[in-house]
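Some notes on the structure that comes next.
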Amino acid sequence: MFEKLQQLKQIRELQKTLESDRREAEQNGVKVIITGSFEIVSVKLNPELSLEDQEQAVRGAYNQARKDIQSSLAQRFGAGLR
């Protein structure tokens, strides 16, 4: 029983860490900020770009921010798994 409570506490701590960890990426003047749980916090568009270019920039910025988060998580928690 005590082990399960301890695991639950660790899971909640991990969730807090993921929610507080944020990454920002920019592509062609479009900025995307996401949390460690991959939720989008903010998107700033570049009005000088066409709609198609903005869509590509948002995808690119989000993907870069996601890769940054994944890399950070792998470094942080991968070391604890060894």
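Here, each number is a calculation from the coordinates, and none is a lab measurement. From a predicted model like this one, the values you see are computed outputs, not experimental measurements. Note: ideal-geometry Cβ built from the backbone for every residue, glycine included; neighbour counts use all protein chains shown.
Quote the relative contact order of the chain in percent (integer), defining contacts as alpha-carbon pairs under 8 Å separated by 6+ residues. Relative contact order of the chain: 25 percent. Share of pairwise Cα-Cα distances greater than 22 Å in the chain is 39 percent (whole percent). Among LEU45, LEU8, the ranking by other beta carbons within 10 Å of each residue's beta carbon, starting with the fewest, stands as LEU8, LEU45.
Multiplying the residue separation of GLU13 and MET1 by 0.36 nm and subtracting their alpha-carbon distance yields 2.4 nm. Taking the C-alpha atoms only, the angle from helix 2-20 to the longest principal axis of the chain is near 20 degrees. Local charge for VAL32 was computed over the other residues whose Cβ lies under 13 Å away, with Lys and Arg +1 and Asp and Glu -1, and equals +2.
In straight-distance terms, cross-link reach from LYS67 covers every one of the lysines whose alpha-carbon lies under 18 Å from its own, apart from those fewer than eight places away in the same chain; here that gives LYS31. Were the residues from SER72 through LEU45 laid out at 0.36 nm apart, the gain over their Cα-Cα distance would be 7.2 nm. Within the straight-line cut-off of under 28 Å between alpha carbons, the lysines reachable from LYS4 are LYS16, sequence neighbours fewer than 8 places apart in one chain being disregarded. Using Cα atoms only, what is the angle between the long axis of helix 51-81 and the major principal axis of the chain, expressed in degrees (0 to 90) to the nearest 10? The angle comes out at about 20 degrees. Computed per residue of the chain from DSSP H runs no shorter than four, each worth -39500 (n - 2.57), the mean residue ellipticity at 222 nm is -21500 deg cm²/dmol.
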